[in-house]
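Every number here is computed from the coordinates shown, using simple stated rules; none is lab data. Remember, predicted model here, so these are calculated numbers, not experimental data. No Cβ is skipped: glycine too gets one built from the backbone with ideal geometry, and neighbour counts run over all protein chains shown.
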Amino acid sequence: MTAVLFDNVSRHFGAVRAVDRVKLSIAEGEFFAMLGPSGSGKTTCLRLMAGFEQPTSGHIEIFGETAEGVPPYRRSVNTVFQDYALFPHLSILDNVAYGLMVRGIGREERRKAAEDALAMVKLPGYGERRPGQLSGGQRQRVALARALVNKPKVLLLDEPLGALDLKLREQMQEELKSLQQSLGITFVFVTHDQGEALSMADRLAVFNEGRIQQLGTPEEVYNRPKTRFVADFVGSANVLPVDLCRRLGLKASFASLRPEAVAIAPASNGALSLSGTVASRSFLGATNRIVVNVDGARIAVASPAANAVPAIGSPVTLSFAATDLHPMEDA
Amino acid sequence: MTTVAESFPLPERRGTAGRLSDFFWRHPHVLLAILLGPPLIWLGIVYLGSLFALLLQSFFSIDDFSGLINYEFTLATYRQLLSEANLDIIIRTVAMAALVTLASAVIVFPIAYYAARYARGKGKALFYLAVMLPLWSSYLVKVYAWKLILAKEGILTWFLAKLNLLWLLDAWLALPIVGGSSLSISYTGTFIVFVYVWMPFMILPIQAALERVPANLIEASSDLGGTPAQTFRHVIFPLALPGIVAGSIFTFSLTLGDYIIPQIIGSSRLFIGQAVYAQQGTAGNVPLAAAFTVVPIVIMGAYLWMAKRMGAFDAL
C-alpha cells in the first residue's frame, strides 16, 4: 500500500517556489530519504506531510486519504523535529506521554507506554528529568520516543542527526535503521548528508530548487546520476564536459564518472583512456584523492592508498571501463 | 620565499585611559564592583532601609488623646487595621485589584499573542506604539477624560442611547455593588479606568514571554495530536505563565496602591491608597498608614510564593 502520495504538489511562498510540481509515492514500511542542499524543498515536503504547510496546488494522500485541509492533529503522522522541540516545562516522561495525554489515555496506561518507549530508545529511568538536563544525543532519543509512542503510520524525521557529533551520528544511524526494520513503520527522513541518505534509505529522492532531480535506490542514484546536479551532490562524481564526451565517442553532452572507477594506469584492452597532468592530491585515509587536469577539465581519481602517488605536475594516463561512463540529462 | 605582508598596527595604549582599560580587562571584578556599587548602595540603604523603617512604624501606636506616636512595640495598630471598617477597605481594594488583574490578562492575551507570533516589521512597531501611546499623556488627564466619558451626560451614555441600548446600561447600574447612579460614580467605572490605565504593564511582559516560546513547540504539540485548545492549555499557557505573573504583579500592586482613580471615579468609599493618604496626612496616624502599606507587601509575597508552587517559574 502507498503510505504517502504526492501528485504534482507545489508550495509557493510568494514568488519563491519552495516545492515545485513534486511527484512521489512512498510505500508502506519503506525507509525513504529526501536528500538535498538547504533550501531545496525537502523540509517543506516533510512539513506538507506533517500538515504544517498546505500545498499551493496538487494533491497529497496519506494511506489513501486526502491530506489537504487536514490539520496536523488529525493525521496519524508524527515528527522528530530538527532541534527536537521538547517541552521545557515538562518532565521527560510527560514529554513522551504528551501524545497519549491529549488523546485522553489514562494516567497509568500512558505512564507505562512512555516508560516502554524510553526503554526502547535506551533511556530507561530518565523519566523524572527535565529536557534541559539531557545531552543532545539523549534529547534526540526522547524526541524519537515521543513520536513513536503514538504508533504513527508514518514517522517523519527532519535532519534528526544533524546536531550530533560523528561518532554518535553513526551509532544513531544504525539504531534508527534497525528500529525501523523491527517496527515496520514507514520512515521519511530528511537530510543534507548524502552518506547518511545512501546508507540508511531503501529509496531516496534528490531535491534541488524545489524539484526532485532523481528518485531511486541508493545504488541507482549513486552509480547512475541522472543530472549533473545529482552527480555533483551525491558522492561528487566527475562530470565530463562536452568536448571530452565527444572525444570518448558519446552522443550525450555530459557524462558522469565515479572517482573510484578511474585508475591511474595505461589503458588495457577495451578500456577508455585520457591523459593529463596531476593538479593536486590529498590523503583521505583509505584512498588518495588525486585531481588530474585533462585539457582544462578536472577529473578526480580515488586511488587506493597502497598505490604510488604521482607528483604534482607529472603527466599521467587515466583509464576506465566504458560501462562506468554514464550519459546524463543536460539539467 | 614569500614575504609575510605587514600586519595592520594594533591600537596603541594611550595615556591613563589606555592603562585603565587594560587594568579593567585584567581585573573585571573591579569594574563590576564600580558599576554595581552605587545602585546596590541605593537599593540597600535608601530603599530597603525606608521599607524597614516603614515596617517598624507599623508596630508603634498612636496615643488617642495627644495624637502623638507612642514608640513602644505593640500590635495595637494591627488590631485597629483588622477592625471592620478597615477590613472593609482592604477587601474592597484586594477584590478590585484581583478583578483588574484578571480582566487585563484576559483582554491582553490575544493581543500579546498576535504581536508575538504574527506581527512582523511595521506591524510590530505599530503594536509597541499603540501600547506605549497612552503612557505618553498625563495620568491625570486620562483619568479626567474617562470621567467625562463615563459621566451621565458623557459620550458613552449618548452612544448607547443612539443604539437604543440605554436599558442595558440602566439594568447594569441598577445592580447592587457594581451599580450606582452613573458609571462615573460606580465601582464599574473605577474598574474600567483601572483596567485601561494599567493594561500596558500587563501586555508587555506577556508579549515578551510568548515571544520566547519557540514556534516548533506549538507545531510539536499539534503534531502529537493536541488540538489548538489543548496546545494552549498544555504548552502556550504554562510557558507564558512567568510573563502573566510578572504582568499581574504590576497591575495588582499598582491597583493596590493607587489613590487617585478611586477618588475621581467611583463611589466615595475608600481604597487602601486613599486610606494611607488620609491616615498619614489629615489623620496623622502614621503607624496605621504603615500598617495599611504592609497589606500589599504581604499579599504580593503570598502571591509570588503561590505562583512558584504552581510552577510558574519552572521554565525560566
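Considering only A:Gly137, A:Gly106, A:Gly39, the Gaussian network model of chain A with Cα springs below 10 Å gives its largest mean-square fluctuation to A:Gly106. Net charge dipole, region A:240-328: roughly 100 debye, given to the nearest 20, about the Cα centre with Cβ charges of +1 for Lys and Arg and -1 for Asp and Glu.
What the Cα convex hull of region B:175-316 gives, in volume per residue, is 142 Å³. Using θ = phi - 60° in the Karplus curve 6.51 cos²θ - 1.76 cosθ + 1.60, the 3J(HN,Hα) couplings for region B:210-225 round to 5, 5, 7, 7, x, 4, 6, 5, 5, 5, 4, 4, 5, 4, 7, x Hz; x is entered for Gly and Pro.
Expressed in units of 2.2 N^0.38 Å, where N is the residue count, the Cα radius of gyration of region A:240-328 is 1.03. For region A:277-294, 3J(HN,Hα) computed residue by residue from phi via the Karplus equation (6.51, -1.76, 1.60; θ = phi - 60°) reads 10, 6, 9, 7, 8, 9, 8, 10, x, 6, 10, 9, 9, 10, 9, 10, 8, 10 Hz, glycine and proline entered as x. The Cα atoms of region A:179-331 cover 54, 36, 29 Å along the three principal axes, with the biggest extent listed first. For B:Lys147, the lysines whose Cα falls under 26 Å of its own Cα, not counting residues fewer than eight places away in the same chain, are B:Lys162. Projecting label points 7 angstrom from Cα along Cα→Cβ for B:Ala53 and B:Ala215 puts them 5.4 nm apart.
Simple rule: put +1 on each Lys or Arg Cβ and -1 on each Asp or Glu Cβ in the protein assembly as shown, find the dipole, and look at B:Ser21, A:Ala255, A:Phe229; the Cα lying farthest toward the positive end is B:Ser21.
Among B:Leu36, B:Leu217, B:Leu68, the largest mean-square fluctuation in a Gaussian network model of chain B, built with springs joining Cα atoms closer than 10 Å, belongs to B:Leu36. When only alpha carbons are used to place a centre, region B:28-70 and region A:1-65 end up 66 Å from one another. Given +1 at the Cβ of Lys and Arg, -1 at the Cβ of Asp and Glu and no other charges, the dipole of the protein assembly as shown around its Cα centre is 480 debye to the nearest 20. Counting every alpha-carbon pair across region B:1-110, the share separated by more than 20 Å comes to 74%. Calculated mean residue ellipticity, 222 nm, chain B: -22000 deg cm²/dmol, from DSSP H runs (n ≥ 4) at -39500 (n - 2.57) each, averaged per residue and rounded to 500. Working from Cα pairs under 8 Å separated by at least six residues, relative contact order for region A:2-231 is 28 percent.
Note on the protein assembly as shown: Rg/Rh from Cα positions, Kirkwood definition for Rh, rounded to two decimals, is 1.14.
The angle separating the long axis of helix A:166-183 from the principal Cα axis of greatest extent in chain A is about 60 degrees.
Dipole size of region B:58-154 about its Cα centre, with +1 on Lys/Arg Cβ and -1 on Asp/Glu Cβ: approximately 1060 debye, rounded to the nearest 20.
The residue among A:Phe207, A:Leu48, A:His59 whose Cα reaches farthest toward the positive pole of the charge dipole of chain A, with charges on the beta-carbon of Lys, Arg, Asp and Glu, is A:Leu48. The calculated 222 nm mean residue ellipticity attributable to helices in chain A amounts to -7500 deg cm²/dmol, summing -39500 (n - 2.57) over DSSP H runs of n ≥ 4 and dividing by all residues.
Roughly speaking, what % of Cα-Cα pairs in chain A are separated by over 31 Å, rounded to a whole number?
For chain A, the fraction of Cα-Cα distances above 31 Å is 43 percent.
With R₀ set to 41 Å, the beta-carbon distance separating A:Asp116 from A:Ser25 gives a calculated FRET efficiency near 0.80. Here the label points at B:Val141 and B:Ala119, each 7 Å from Cα along the C-beta direction, are separated by 2.2 nm in the simple model. Near A:Gly195, once Lys and Arg are set to +1 and Asp and Glu to -1 for all other residues with Cβ below 14 Å from its Cβ, the sum equals -3. Proximity of backbone amide H atoms, modeled 1.01 Å from N, is registered between A:Ala27 and A:Ala3 at under 5 Å, excluding neighbours fewer than 5 places apart on the same chain. Taking amide hydrogens as placed 1.01 Å from N in the peptide plane, the amide H of A:Phe207 sits under 5 Å from those of A:Leu35, A:Gly36, A:Gln213, each at least 5 positions away in sequence or on another chain.
Taken residue by residue and averaged, Cβ atoms of other chains lying within 10 Å of the Cβ of B:213-222 number 6.
Counting only Cα atoms, I'd like the Rg/Rh figure for region A:95-165, Kirkwood definition for Rh.
0.96
Taking label positions 7 Å along the Cα-Cβ direction at both A:Leu168 and A:Asp193, the computed distance is 1.2 nm, reported to one decimal. Highest mobility in the GNM of chain B, judged by mean-square fluctuation with C-alpha springs under 10 Å and restricted to B:Ile236, B:Ile264, B:Ile177, is found for B:Ile177. Mind running the shape call on region A:50-205? Use the C-alpha gyration tensor, a ≥ b ≥ c as the square roots of the eigenvalues: rounded below 1.5 for a/c, prolate if a/b tops b/c, oblate otherwise. Cα axes put region A:50-205 in the oblate bin.
Taking GluC sites (Glu not before Pro) as exposed when DSSP calls them loop and at most 10 other C-beta atoms lie within 10 angstrom, chain B has its longest site-free stretch at B:154-316. Set the Förster distance to 30 Å, then compute FRET efficiency between B:Trp167 and B:Ala283 from the Cβ-Cβ distance, nearest 0.05. Taking R0 as 30 Å, the efficiency between B:Trp167 and B:Ala283 is 0.10.
The phi-based Karplus calculation (6.51 cos²θ - 1.76 cosθ + 1.60; θ = phi - 60°) puts the 3J(HN,Hα) values of region A:206-216 at 9, 9, 8, 6, x, 10, 7, 7, 7, 10, x Hz, whole numbers, x for Gly and Pro. When a/c is below 1.5 the answer is rounded, else prolate if a/b is larger than b/c, else oblate, so apply that to region B:78-168 with a ≥ b ≥ c taken from the square roots of the Cα gyration tensor eigenvalues. Because a/c hits 1.5 or more and a/b fails to exceed b/c, region B:78-168 counts as oblate. Cross-linked pairs A:Lys112/A:Lys153; A:Lys23/A:Lys167; A:Lys42/A:Lys177; A:Lys42/A:Lys251; A:Lys153/A:Lys177: Cα-Cα separations exceed 24 Å for A:Lys23/A:Lys167; A:Lys42/A:Lys251. By the gyration tensor of its Cα atoms, with a ≥ b ≥ c the square roots of the eigenvalues, what is the shape of region B:83-309: rounded for a/c under 1.5, prolate for a/b over b/c, or oblate? Since a/c reaches 1.5 but b/c is at least a/b, the shape of region B:83-309 is classed as oblate.
The calculated FRET efficiency for A:Ile105 paired with B:Met310, based on their beta-carbon distance and R0 = 25 Å, is about 0.50.
Please name which of B:Ala289, B:Gly179, B:His234 has its Cα lying farthest along the dipole of region B:83-309 towards the positive end, using unit charges on Cβ (Lys, Arg +1; Asp, Glu -1) and the Cα centre as origin. Selected residue: B:His234.
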